[in-house]
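Taking it in order: structure first as structure tokens, then the write-up.
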Amino acid sequence: MQESFKTYIIIPAYNEAGLIAKVLKDLFNYGYNNIVVVDDGSTDNTAGIVKKFNAELVRHPVNMGPGAAIKTGIDYALLKNADIIVTFDADGQHLAKDIPGLIKPIINNEAEITLGNRFLNNTSNVPLFKKVILKTGAILMFLMYGIISSDAHNGLKAMSRTTAQRIDIKSNGWEYCSEIIEEVRLKKIKYLEIPVTVKYSDYSIKKGQKIYNSFYIVSKMFVKWIFG
Amino acid sequence: MHPIYIITIILGIAVLINLFIKIKDKKLIINELIFWILILAALILISVFPDFAVKTAHFFGFKTGFDFFIALSILVIFLFLYNIYKKIRLLEEKLTKLNENIAIRQSLENINKSELKNSEEGKINK
């Protein structure tokens, strides 16, 4: 049943030359052939590595941020007639084995968007400081948007074509994750949270969001919440 | 004369000089001209008729004309800030769209080129 749905995997990447090959190998090994890497103006050899694989490469001329890269990836996948779009991180935190679980509810019409949640099982080695930040973010998300999601800032998501067309991402930075949640609530999009594994390594912690960046995201969310 | 009125007069003169320079250099747009004229008028009014400023301040619930001036200034700054925020946001959206369009167009062109190259190679091999 899954084969009849054209699934596109979107990977936003900025200076991910260190791990992008491993991520792509993992996805190809699981049989995902429609992979789009959105190189967000990297200054390292990310694009060169991607070209060695059978993945499609879309390159931003300048670095705009993960939100902008995701938007480009979604628009590209829609142009390529994707039925289901999966967003996947380039830093090796996500596992290809979690994708079937995310797209199954969409195929079965149980959800229009599925959100990966690392707290619904005990398979993720989430560092304590990260746990505190994410849980605080979840509380803020509930207060601002009225949606209960303990892991809104998880980059692993899947959505149907129609949902991808309806969701309007305007934020260029990491706050795009909160924006998706806001869109889900405003447009009454049917969603499900799916347990996924997020693997933390020294590389992903170094590359991932910093504590000070979390404050920046919150401030941007707050300003957007007030001024629109 | 109270020191604050001397400061107000100095500020008024500074605004006036700035206005003259801009008019001379033809760098002034009509909205900006209106804005500066309003500021100048307010400054003249406050310095020439201090009682008027005090009465206006009392009318709005402020103790002194200076308090009223500061509060009004903060309000104007907020309006400016909001305006700048909106403009930056709009520019950012346009830049993102431009970036996206270039990226997608280039990617599709590259795909077309490689497909064309493959088909030509196929023809040669046949």
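Pull out a ≥ b ≥ c, the square roots of the eigenvalues of the alpha-carbon gyration tensor of the range A:104-228, then state rounded if a/c is under 1.5, prolate if not and a/b is larger than b/c, and oblate in the remaining case. Taking the square roots of the gyration eigenvalues as a ≥ b ≥ c, the range A:104-228 is oblate. Comparing the protein assembly as shown with the 2.2 N^0.38 Å rule of thumb, its C-alpha radius of gyration ratio is 1.34 (two decimals).
With θ taken as phi - 60° and the Karplus curve 6.51 cos²θ - 1.76 cosθ + 1.60 applied, the whole-hertz 3J(HN,Hα) list for the range A:154-160 is 8, x, 8, 9, 9, 8, 6 Hz, x standing for glycine and proline. A simple charge model with +1 on the Cβ of Lys and Arg, -1 on the Cβ of Asp and Glu and nothing else charged puts the dipole of the protein assembly as shown at about 200 debye relative to its Cα centre. Between the helical axis of B:3-24 and the longest alpha-carbon principal axis of chain B there is an angle of about 40 degrees. Taken over the range B:66-126, the alpha-carbon convex hull comes to 32 cubic angstrom per residue.
The modelled label-to-label distance between A:Lys6 and B:Arg89, using points 7 Å beyond Cα along the C-beta direction, is 3.5 nm.
Between B:Leu45 and B:Ile102, the C-beta separation translates, for a Förster distance of 41 Å, into a calculated FRET efficiency of about 0.20. When both the range A:121-182 and the range A:20-42 are represented by their alpha-carbon centers, they are found 22 Å apart. Using the Cβ-Cβ distance between B:Thr64 and A:Glu110 with R0 = 56 Å, the FRET efficiency computed as 1/(1 + (r/R0)^6) comes to roughly 0.30. Positive end of the dipole of chain B (Cβ unit charges, origin at the Cα centre): among B:Ile7, B:Asn83, B:Ile30, the Cα lying farthest that way belongs to B:Ile30. Taking chain B as the reference, fit the longest principal axis to its C-alpha atoms, fit the long axis of helix B:65-125 to the helix C-alpha atoms, and give the angle between the two in degrees, 0 to 90, nearest 10. Rounded to the nearest ten degrees, it is 10. Normalised by the number of residues in chain B, the average gap of Cα pairs under 8 Å and 6 or more apart makes the relative contact order 16 percent. Per-residue ellipticity at 222 nm, computed for chain B from helices alone with -39500 (n - 2.57) per DSSP H run of at least four residues, works out to -32000 deg cm²/dmol. Taking B:Asp25, B:Asp51, B:Asp67 as the candidate residues, the one with maximal mean-square fluctuation in a Gaussian network model of chain B, Cα springs under 10 Å, is B:Asp25.
FYI, it's all coordinate maths here, none of it is from the lab. All values derive from a computational prediction rather than experimental measurement. Note: ideal-geometry Cβ built from the backbone for every residue, glycine included; neighbour counts use all protein chains shown.
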